[in-house]
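Written out below as structure tokens is the structure these notes cover.
The values are calculated or read from the model by the stated rules, or taken from the named source; none is laboratory data. Since we're looking at a predicted model, the values are computed, not measured. For neighbour counting, all protein chains shown are included, and Cβ atoms are generated from backbone atoms with ideal geometry for every residue, glycine included. Note: accessible area is taken over every heavy atom of the protein model, side chains too, but ligands, DNA and RNA are not part of it. Shrake-Rupley method; radii C 1.70, N 1.55, O 1.52, S 1.80 Å.
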Amino acid sequence: PVDNPYVPVIAEAAREVYGDYVMYPAGLYDTGFSVNQDSGAPAIQVSLVDPDLDNHAPNEHLSIKEYMDGIALTVCALQAVSEINEKD
């Protein structure tokens with residue numbers, strides 16, 4: 001859900017790595033990932049893509065820069081989430 005309390009935290013982490021970006025809610029059908037909804041655990045997916053990735057085409061690709069930025073985002077997001085959980 002877009003009102004998930006982790007969304008603003010992840011959004012700020014994304015802003016630190018990417019600057020301005022586009023954020024929109026996506027259904028599980030949009031993600032390409034299977035999520036076990038029976039667990040009740042919240043899930044937030046951040047797509048790490050080039051603007052011209054040619055999604056699902058034979059020449060689909062991801063640049064090394066986007067890959068490295070994705071690693072940086074993962075580190076920032078996990079750090080931010082851990083800080084929230086420490087306050088609880």
Filter the stretch 15-36 for residues that are in a helix (DSSP H, G or I) and farther than 13 Å from V49 by Cβ; the one that is modelled with the lowest pLDDT is Y29
Flagged pairs (Cβ under 9 angstrom, 6 or more apart or on separate chains; first in the stretch 39-63, in a loop (DSSP other than H, G, I, E, B) and modelled with pLDDT under 80; second open to solvent by 70 Å² or more (accessible area, probe 1.4 Å) and of a type in the set (K, R)) are D50/K65
